[in-house]
Amino acid sequence: MASPSLKEQLTSAVKEAMRNRDKDRLTTLRMAQAAIKQIEIDERRELGDDEVLKVLDKMLKQRRDAASQYDDAGREELADRERAEMVIIEEFMPAALTEDELDGLIHKAISTTDAQGMQDMGKVMNQLRPQVLGRVEMGHLSQKVRAALAG
């Protein structure tokens, strides 16, 4: 039997959180489900795992940014809540890439796209994005691609 889709995993996690009366976890999981459902309603179609990953990745980025802003403003309790939500969302993301794996993918993408310099960064990023979605922070990826193309 095929492994359950990300949406099915989220639904199971919501039920488990309800049974365990884990209010914080339940709230975060329901937020994720609502974000996915909103896109499905707007676009009148079911989202596949890749698209669900994009939604979760966007939620992670939002929480990362918010936590950083809360830290800067000295609001530790709010920053901690954002980080707690990140931990819950990250459970549904694929395993993070190691630096060596990332470097290998970058070099492969550069040779595949025949990239010559910075003007080809878009081509390289477009090649890499589907392979690394949810497995590396995009800002980190673009820094590494930029360095590889420059050097």
- [ ] State the answer as a single residue: which of 119, 62, 11 lies farthest towards the positive end of the charge dipole of the chain, with beta carbon charges of +1 for Lys and Arg and -1 for Asp and Glu, about the Cα centre.
- [x] 11
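Kindly give the semi-axes, whole Å and largest first, of the ellipsoid equivalent to region 99-150, taking each as the square root of 5 times a Cα gyration tensor eigenvalue. Please list the in-between numbers first.
Values: eigenvalues 49, 23, 21 Å².
Semi-axes (√(5λ), whole Å): 16, 11, 10.
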Task: Cα centre as origin, Lys/Arg/Asp/Glu Cβ charges: the chain dipole, Debye - done: 380 debye
Open item on the list: Rounded to the nearest 20 debye, what is the charge dipole size of region 8-97 about its Cα centre when +1 sits on each Lys and Arg Cβ and -1 on each Asp and Glu Cβ?
Closed with: 340 debye
Open item on the list: Among (i) 36; (ii) 21; (iii) 41, only one was calculated for this model; which label is it, if the read-out is percent of Cα pairs over 27 Å apart?
Closed with: (i)
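Per DSSP H run of at least 4 residues, take -39500 (n - 2.57); add these up for the chain, divide by its residues and hand me the 222 nm value, nearest 500 deg cm²/dmol.
Mean residue ellipticity, 222 nm, calculated: -25000 deg cm²/dmol.
Among 28, 11, rank each residue by its count of other Cβ atoms within 10 Å, from fewest to most, as a rough exposure measure.
Ordered by Cβ neighbours within 10 Å, fewest first: 11, 28.
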TODO: Please build a GNM for the chain, connecting alpha carbons under 10 Å apart, and tell me which residue among 12, 68, 111 fluctuates the most.
DONE: 111
Task: Tally of Lys pairs whose C-alpha atoms are under 20 Å apart, taken over the chain, 8 or more apart or cross-chain - done: 16
- [ ] Can you tell me the 0 to 90 degree angle between the C-alpha axis of helix 76-90 and the longest principal axis of the chain, rounded to 10?
- [x] 80 degrees
Task: Over region 6-90, volume per residue of the alpha carbon convex hull, in Å³ - done: 85 Å³
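Each value in this text was obtained by applying a stated rule to the coordinates, not by laboratory testing. What you see is a predicted model; the values in this text were computed from it and never measured. Every residue, glycine among them, receives a Cβ derived from its backbone with ideal geometry; neighbour counts consider all protein chains shown.
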